Amino acid sequence: MRKTFLTLISVVALAFLVACGGGWSNNNHNKNVLAPTAPAGGNSAGFSDSSFKGNYVFAVNGITRGKTLAVAGIFTADGDGNITSGTRDTVYDSGSQSLSEPITGSYSVNQDGRGLVTLNGSSGTVYYLFVLSSPSAGKLFQNGTASESVVVDAIGRLELQTSTSTTLAGSYVVRLDGEDSGKLPYGAVGGLTASGSTLTGSIDENDAGTFSPSLAVSAGSYSLSANGRGTASYATATGPNTAAHNFIVYYVSPSRLELISTDPKFWLHGYADLQTSVDGTVASFIGDQVFNISGSDSRGNPVQETGRFTLSAGSLSNGFADYNDGGLLYTDTPFNGIYTVAPSGRWQATLDYTSFASSLGLVGWQVSPQQSLVLTTSSTQLETGDMRAQTLGLTTIAGEYAEYYSGYNGGSGNLESTGNLLAAGGTLSGFVDEQTDSSGFQGNIPVSGSYTIDPIYGRGSGYIGTKPVAIYTVSADTIYLFSVDSNSLYQGTLTLQTP
């Protein structure tokens, strides 16, 4: 019978559950870390230090020294290798926090978009390896904390702050991950509408398998300073968690916010995207979709799943997925199902895996008809992720792609990677920077690979170096990667670079 899943913070953090085996819990191991070398060599994608200039919001989450952590902040890059100023907020599920910490530092950007940023503050020096998909966006992982000399398995995002504002307007779709006051996994998606300084709306939450749908938000409010850093708070009048959730907010743009909880005993992080439009009926919310979710099951096994299906007037067809539950790998698993949609853009679906006599329940909120943020609804599953409209008909991709993946390898523990790959015909070549628990950081690793894509449903297969992967095309600009090696549980993306 098909195993079930569950999510938490990131698969990186969840992967430690395999070793400790205590469902709905966390643990960790670590080792000494040295300052990483800056990326070098690789393809000539057109990036340089001058590509990285302006105010960048960064957000990462993961695990270190038996604690889960989340970090959010902002820094100013001068286009010449210097971080001239910044602020970061770091929170741990242990309750310890370092808030509004001033930071400075340095950075370098390689020609292929890979880079290294070093941030110095009173709590220590932190190294991030990153890859840019454009001067305004990138993915990163934390190499370690020099003051503690430990590997930190944390992954996240870099986003150029395009403007600042002290007010919000419109409805935002929110995704939250973390732990409740008992350190049990928690996930939520929902819609919050900003009007003046108040927040209203509803939230769907899954707290360690207890799914609570459409909880009305009460007493919601926010406040933003001129530099885009601020606070937000909301509560729900019903459900298992009625106490207020309090956040630090980083304003990236009118359409994007990063969130990090300041509640020591209900530890959360996430983001909010401005809802631009919705297809609010089953007649309008149709077409091909790709979903990418991850988490853990109630026994503590890390789980990842990537799949696709077709929506049509309440029916879900042409569904199949690849998933890995703690090393139990299934590929091309077929399913069908049904779905409903509300005028708010909130939808629910049931995915029936007939071959395994099991099903997966999803609830999602549309950011637009092309993208939704997603949460599982099962009592034995807690996963979060996203779903995107799929462009079919591709057989190859071409250009320079930012490569990013994270997860768990049975032989080496947690792994994180950023890189650049040149796609030409059916081949891939480039360099990656990678970190594993057993080997620590290894930089400038040359890789090559090949792939094929089925144009009918947009799923393909191939290799990145020695790693076998399933490939799901979202579009020619975005490809989802899923490991089909049962010993290597990870997901990732290829994103077309635009220097």
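Take the conditions (1) within 24 Å of the chain's Cα centre (by Cα); (2) crowded, with 18+ Cβ neighbours inside 10 Å; GLY42 misses just one of them, which is (1).
The strands (runs of 3 or more DSSP E) falling completely within the range 89-190 that include 2 or more residues that are hydrophobic (A, V, I, L, M, F, W, C) and crowded, with 17+ Cβ neighbours inside 10 Å map to 114-121, 124-134, 137-145, 153-160, 170-179.
Any chance the range 75-87 includes a residue that's more than 17 Å from LEU140 (Cα to Cα), at pLDDT 95 or above and buried (at least 18 other Cβ atoms within 10 Å of the Cβ)? Within the range 75-87, one or more residues are more than 17 Å from LEU140 (Cα to Cα), at pLDDT 95 or above and buried (at least 18 other Cβ atoms within 10 Å of the Cβ).
Contact map, the range 60-81: residues that are of a type in the set (Asp, Glu) paired with residues that are assigned to a strand (DSSP E or B), Cβ distance under 6 Å, separation 6+ or inter-chain. Pairs shown: ASP78/THR84.
Right, GLY300: more than 30 Å from ARG229 (Cα to Cα), touching a helix residue (DSSP H, G or I) at 6+ places or on another chain (Cβ under 6 Å) and either crowded, with 17+ Cβ neighbours inside 10 Å or at pLDDT below 95 (or both) or not? Against the criterion (more than 30 Å from ARG229 (Cα to Cα), touching a helix residue (DSSP H, G or I) at 6+ places or on another chain (Cβ under 6 Å) and either crowded, with 17+ Cβ neighbours inside 10 Å or at pLDDT below 95 (or both)), GLY300 qualifies.
With respect to the conditions (1) closer than 28 Å to PHE130 by Cα; (2) in contact (Cβ under 8 Å) with a residue 60 or more places away in the chain, LEU362 falls short on a single one, namely (1). Does the range 270-296 hold any residues that are of a type in the set (A, V, I, L, M), touching a residue at least 40 places away in the same chain (Cβ under 8 Å) and over 19 Å from ILE456 (Cα atoms), and which are they? Those that are of a type in the set (A, V, I, L, M), touching a residue at least 40 places away in the same chain (Cβ under 8 Å) and over 19 Å from ILE456 (Cα atoms): ALA272, LEU274, VAL278, VAL282, ILE293.
So which of SER461, SER438, SER448, SER417 is touching a strand residue (DSSP E or B) at 6+ places or on another chain (Cβ under 8 Å) and not in a strand (DSSP E or B)? Before the answer, list the steps.
On the way: SER461 fails: not in a strand (DSSP E or B); SER448 fails: not in a strand (DSSP E or B); SER417 fails: not in a strand (DSSP E or B).
Of the residues listed, the single one that is touching a strand residue (DSSP E or B) at 6+ places or on another chain (Cβ under 8 Å) and not in a strand (DSSP E or B) is SER438.
For the range 247-299, the candidate set comprises residues that are touching a Pro at 6+ places or on another chain (Cβ under 7 Å) and part of a strand (DSSP E or B); within that set, the residue that is nearest to GLN491 (Cα to Cα) is SER296.
With respect to being more than 18 Å from the chain's Cα centre (by Cα), at pLDDT 95 or above and not assigned by TED's automatic domain parsing to the domain that holds GLY319, TYR451 fits the description. Applying the set (1) within 12 Å of ARG308 (Cβ to Cβ); (2) surrounded by 18 or more Cβ atoms within 10 Å (Cβ to Cβ); (3) without any contact (Cβ under 8 Å) to a residue 40 or more places away in the chain to ARG459 leaves exactly one unmet item: (3). With the requirement that a residue be among the polar types (S, T, N, Q) and closer than 23 Å to PHE285 by Cα, what does the range 355-377 give you? Scanning the range 355-377 gives SER359, GLN366, SER368, GLN370, GLN371, SER372, THR376, THR377. Considering the range 205-251, and only residues there that are surrounded by fewer than 15 Cβ atoms within 10 Å (Cβ to Cβ) and among the β-branched types (Val, Ile, Thr), the residue that is nearest to VAL174 (Cα to Cα) turns out to be THR231.
The values are calculated or read from the model by the stated rules, or taken from the named source; none is laboratory data. Keep in mind the model is a prediction, meaning the values are calculated, not measured. Methodologically, a virtual Cβ is constructed for each residue, glycine included, from the backbone with ideal geometry; neighbour enumeration extends over all protein chains shown.
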